[in-house]
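Data first, discussion second: the structure below is written as structure tokens.
The values are calculated or read from the model by the stated rules, or taken from the named source; none is laboratory data. Just so it is clear, the model here is predicted, and its values are computed rather than measured. Glycine gets a Cβ as well: all are built from the backbone with ideal geometry, and neighbour counts include every protein chain shown.
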């Protein structure tokens with residue numbers, strides 16, 4: 001077993017693409033770490049840099065604290081499993097598994113015994129005489145894993161090994177792969193774009209976006225305490241509800257204005273007191289489905305109300321989509337995409353939304369102006385606070401976005417019914433305009 005570390009690892013390809021941008025990660029000996037992110041975020045490139053299949057532009061790869069930038073692939077003693085299995089089609093299963101052993105010095109005599117031992121571990125002994133073309137996807141993946149562990153590597157590098165399998169088999173194999181890595185106590189880097197795989201298999205999850213490490217930590221921490229709006233948006237099933245909002249704090253009241261409704265903090269609540277200094281600041285509001293609970297309409301406290309627009313029956317539960325009149329966060333604001341640097345969002349909207357577009361009115365109530373002074377103190381909103389709005393946006397009816405919540409299958413509402421949802425303030429996530437978490 002070895003520890004794996006990357007020190008400000010950077011990879012820029014010849015066309016100028018920055019695939020990995022100063023990523024520093026430490027993986028302890030025997031630890032299972034998942035690299036999670038969307039396609040093109042640099043996960044596989046990091047794996048190839050660690051394996052020695054790519055040369056870094058800058059930064060270093062360290063194994064057990066020793067820089068291995070100039071060390072050959074074979075001497076790094078790591079085993080890589082690819083997404084497409086990479087089995088030799090003209091060799092039997094036994095020959096595929098034993099191929100690395102035959103290449104190792106003084107290992108010929110031990111080869112057959114080692115192949116049988118590994119095949120028994122993975123339950124593929126009855127497949128040893130078959131050809132790869134006669135195997136199912138799950139069987140091929142087990143053979144690829146067997147070939148990786150047959151020479152007793154110091155580390156596993158797994159590049160989306162289950163992505164070509166159907167959902168049922170993928171769920172079965174992810175349990176086997178995680179159990180095998182822990183049973184062998186082998187340091188493991190596992191690349192995936194599937195958050196379920198990352199959350200259920202790994203000791204820690206590293207979330208990447210456009211080659212930049214966003215956050216790394218235990219699955220419960222990365223999910224429950226996201227550092228950036230991108231992490232909050234990427235993790236969560238169904239996808240996290242992201243809305244535009246503004247903070248208002250005046251005369252002892254602290255609330256988050258969602259455009260057509262507000263989430264108000266109880267008087268004296270310490271979570272609200274820490275937001276006072278952000279009065280009139282525009283924020284991104286993230287609400288996961290597990291932060292919302294259906295309640296009677298008369299329930300006191302922070303409650304959002306809406307009309308059922310669509311119901312997805314999943315058998316054991318249902319996902320209900322509500323029209324709450326809230327304004328969605330754009331891809332730019334959720335940091336799934338970037339607005340151009342230095343350009344105010346209201347300027348972007350002025351370019352992209354034609355005059356009279358229905359979303360402009362609601363945005364006008366929440367967007368602080370980058371070019372206009374605040375209205376005089378006599379101007380007030382319907383909630384009694386002094387506004388800092390963009391006066392260029394027109395006075396049209398707002399366009400709403402769906403809010404998704406889970407409900408038990410036995411309590412499914414009907415389309416068109418009103419519904420009230422209590423908001424768990426401990427799970428209310430707020431992010432500033434740079435996409436960083438506002439700690440309450």
Query - Only one of 28, 58 that is farther than 30 Å from residue 13 by Cβ, touching a residue at least 24 places away in the same chain (Cβ under 8 Å) and out of contact with any helix residue (DSSP H, G or I) (no Cβ under 8 Å at 6 or more places or on another chain) - result: 28
**Report entry** When residues of region 100-122 are limited to those that are over 37 Å from the mean Cα position of the chain (by Cα) and modelled with pLDDT of 85 or more, the one nearest to residue 185 (Cα to Cα)
**Finding:** 117
Query raised in the report: Among the listed residues 269, 297, which satisfies the condition of being over 28 Å from residue 408 (Cβ atoms) and not assigned by TED's automatic domain parsing to the domain that holds residue 26?
Result: 269
Query raised in the report: Mind checking which residues of region 380-436 are closer than 15 Å to residue 281 by Cβ, modelled with pLDDT under 90 and not in a loop (DSSP other than H, G, I, E, B)?
Result: none
Query raised in the report: Scanning for something more than 26 Å from the chain's Cα centre (by Cα), surrounded by fewer than 17 Cβ atoms within 10 Å (Cβ to Cβ) and part of a helix (DSSP H, G or I), does region 75-82 turn up at least one residue?
Result: yes
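Residue by residue, here is whether (1) surrounded by 18 or more Cβ atoms within 10 Å (Cβ to Cβ); (2) part of a loop (DSSP other than H, G, I, E, B) holds:
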| site | (1), (2) |
| --- | --- |
| 14 | no, yes |
| 24 | no, no |
| 50 | yes, no |
| 55 | no, yes |
| 60 | no, no |
Report task. Please find, among 280, 307, the residue that is surrounded by 15 or more Cβ atoms within 10 Å (Cβ to Cβ) and touching a strand residue (DSSP E or B) at 6+ places or on another chain (Cβ under 6 Å). Result -> 307
Query raised in the report: For residue 290, which of the numbered conditions (1) outside any strand (DSSP E or B); (2) buried (at least 19 other Cβ atoms within 10 Å of the Cβ) fails to hold?
Result: (2)
**Report entry** Where a residue in region 1-15 is on the phi > 0 side of the Ramachandran plot and in contact (Cβ under 8 Å) with a residue 40 or more places away in the chain and its partner, wherever it lies, is surrounded by fewer than 18 Cβ atoms within 10 Å (Cβ to Cβ) and assigned to a strand (DSSP E or B), with Cβ under 6 Å and at least six apart
**Finding:** 8/22; 8/24
**Report entry** Complete set of residues in region 123-143 that are within 33 Å of the chain's Cα centre (by Cα) and more than 19 Å from residue 168 (Cβ to Cβ)
**Finding:** 143
